[in-house]
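The values are calculated or read from the model by the stated rules, or taken from the named source; none is laboratory data. These figures come from a predicted structure and were not determined experimentally. Cβ: placed from backbone, ideal geometry, glycine included. Neighbour counts: every protein chain shown.
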Amino acid sequence: MPLVRVPATTANLGPGFDTLGMALNLFDELIIEESSSPEIIITGEGEGTIPRGQENIAYRAARAVFTKVGRPPVPLKLEMHNSIPVARGLGSSAAALVAAIVGTNAILGEPLSPAELVNLATTLEGHPDNVAPAILGGLVASARDGEQVICRRLELPPGLVTVVAIPQFTLSTRVSRGVLPARVALEDAVFNISRVALLLAAVATGDLELMGRMMVDKLHQPYRLPLVPGMAEVFAAAREAGALAVTLSGSGPTVIAFCRGRQPEVGPAMAAAFARKGVKCTVKELAPCNHGAVVI
């Protein structure tokens with residue numbers, strides 16, 4: 001009866017659209033075991049809204065592991081305790097399915113390697129930028145190569161702290177992706193490519209100043225501004241309060257600021273900027289998490 005703990009994740013980090021993701025020190029937990037009949041228990045975030053039938057994303061992910069390893073599926077009992085807000089851009093769906101595949105893999109004797117878990121999770125989620133750091137921890141760069149996902153993990157530099165401002169409204173990935181253009185200008189693509197390269201170099205060398213300078217984007221955040229009231233003002237407020245960088249977390253609506261050490265002024269400044277646009281939010285200070293899903 002494994003207990004699986006999976007971190008929240010923030011994707012894109014500005015320029016790394018669908019490519020970069022980072023684990024954060026906020027966790028969902030899942031207890032999974034074989035049962036006489038399917039059962040799903042949910043407490044915490046999403047308790048009243050997440051489906052409890054076999055269409056539940058975690059339940060479907062668990063069954064996918066049985067299929068992947070050629071074993072007949074059995075009924076499962078899933079007890080989910082969620083601390084990651086749902087549909088806020090912090091990887092809640094990735095955490096749910098990663099917890100399920102890691103837990104099911106443990107029940108079956110761990111027939112799948114971490115790389116195979118990343119591939120399966122990407123197939124289920126549709127993109128690797130959240131599931132890869134949820135499994136591996138740290139900052140992960142990922143790319144699809146045919147049927148395979150190639151990813152490499154970097155440790156986060158010491159001294160890096162994040163502050164997240166989580167609006168009370170939800171924003172689905174489908175809606176947030178729906179506003180993106182099918183084609184972008186060449187100079188915008190080059191802008192992002194160059195910043196991703198230097199961002200990874202900055203993380204590898206522990207250069208927080210350069211990391212912050214490179215966390216800017218022209219491919220997705222400008223198009224998502226209308227979906228998050230006050231987003232531009234929150235970005236400006238976080239920088240003025242001392243943040244090294246500020247980005248949309250995943251597809252939003254959460255905004256995440258990256259700081260050198262604790263910056264007590266950043267969170268209140270972000271909350272005040274949202275409030276001026278009539279948006280209530282919760283502010284959390286989260287350390288980066290250099291480990292991924294663990295079985296306890």
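Here are some notes:
- Qualifying residues in segment 239-270 (those that are of a type in the set (Gly, Ala, Ser) and surrounded by fewer than 19 Cβ atoms within 10 Å (Cβ to Cβ)) - the one nearest to residue 217 (Cα to Cα): 242
- Subset of segment 209-238 [within 21 Å of the chain's Cα centre (by Cα), hydrophobic (A, V, I, L, M, F, W, C) and buried (at least 20 other Cβ atoms within 10 Å of the Cβ)]: 211, 214, 215, 219, 228, 231, 234, 235, 238
- Pairs where the first residue, in segment 257-286, is free of Cβ contacts under 8 Å to residues at least 60 places away in the same chain and the second is in a helix (DSSP H, G or I) and surrounded by 15 or more Cβ atoms within 10 Å (Cβ to Cβ), C-beta under 6 Å, 6+ apart: 269/237; 273/233; 273/234; 273/237
- Hey, residue 125 under 26 Å from residue 5 (Cβ atoms), without any contact (Cβ under 8 Å) to a residue 60 or more places away in the chain, out of contact with any strand residue (DSSP E or B) (no Cβ under 7 Å at 6 or more places or on another chain) and not assigned by TED's automatic domain parsing to the domain that holds residue 235 or not: yes
- For the residues 53, 46, 21, 14, the requirement of being touching a Ser or Thr at 6+ places or on another chain (Cβ under 9 Å) and modelled with pLDDT under 95 singles out 46.
- Residue count, segment 265-296 (criterion: of a type outside the set (D, E, K, R) and part of a strand (DSSP E or B)): 7
- Residues satisfying the stated conditions in segment 10-56, i.e. farther than 25 Å from residue 107 by Cα, assigned to a strand (DSSP E or B) and of a type in the set (Ser, Thr, Tyr): 10
- For residue 264, the requirement of being outside the structural domain of residue 19 (by TED's automatic domain parsing) and touching a helix residue (DSSP H, G or I) at 6+ places or on another chain (Cβ under 9 Å) is not met.
- A search for C-beta distances below 8 Å between a residue of segment 211-231 that is among the hydroxyl-bearing types (Ser, Thr, Tyr) and any residue that is surrounded by fewer than 20 Cβ atoms within 10 Å (Cβ to Cβ), counting only pairs 6+ apart in sequence or on different chains, returns 223/179; 223/180; 223/181.
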